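Just so you know, all these numbers are worked out from the coordinates, no wet-lab data involved. On a predicted model such as this, the values are computed, not experimentally measured, just so you know. Here Cβ is always computed from backbone atoms with ideal geometry, including for glycine, and neighbour counts include all displayed protein chains.
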Amino acid sequence: MAVDIKKLFNEDLPAALANNADEAKTIGAKFQLNVTDEGEWHIDASATGPACKAGTDTADCTITVSAEDFQKLLENPQTNGMQLFFAGKLKVQGNQMLAMKLQKLFGFK
């Protein structure tokens with residue numbers, strides 16, 4: 001089932017981060033997520049966070065992906081994430097190891 005990406009980043013993820021603030025801060029990084037045709041969001045999972053807001057800001061790890069491929073990523077993060085990355089459909093700039101930690105954030109409720 002397709003996820004409403006804008007709702008995910010503008011409502012669901014900020015609420016989940018607030019509910020899991022201490023655990024989110026343990027990730028210790030800032031992410032920039034650019035979803036083509038949907039928007040750009042900055043996720044702060046560092047000691048100064050947690051927060052998720054629309055727009056761009058300085059990040060330790062920047063991920064760029066199409067909306068269609070982001071849906072695949074949400075369905076099966078590990079398998080599809082690697083496939084999309086090696087196919088050049090998931091672009092990661094900065095600390096690539098942090099991209100693996102992003103999955104934890106989407107598991108928060």
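Among the lysines in the range 5-106, how many pairs, 8 or more places apart or on different chains, have alpha carbons under 16 Å apart?
12
Quick one: dipole size for the range 5-106, taken about the Cα centre, charges +1 on Lys/Arg Cβ and -1 on Asp/Glu Cβ, in debye to the nearest 20.
Taking the Cα centre of the range 5-106 as origin, the dipole is about 180 debye.
I want to check the label-to-label distance for residue 47 and residue 96. Put each point 7 Å from Cα in the C-beta direction and report it in nm to one decimal.
Output for this residue pair reads 2.9 nm.
Give me the mean projected area, in nm² to one decimal, of the convex hull enclosing the Cα positions of the chain.
6.0
What value, in deg cm²/dmol to 500, does the helix sum -39500 (n - 2.57) over DSSP H runs of n ≥ 4 give at 222 nm once divided by the residues of the chain?
Helix contribution divided over all residues of the chain: -10500 deg cm²/dmol.
Peptides 56-65, 77-86: what's the order by average Cβ count within 10 Å, highest mean first?
56-65, 77-86
Under a point spin-label approximation (7 Å from Cα along Cα-to-Cβ), what is the residue 4-residue 26 distance to one decimal in nm?
About 3.2 nm separates the two model spin labels.
Projected onto the charge dipole of the range 15-95 (+1 at Lys/Arg Cβ, -1 at Asp/Glu Cβ, origin at the Cα centre), which of 80, 36, 95 gives the Cα projection farthest towards the positive end?
Checked the options; the winner is 95.
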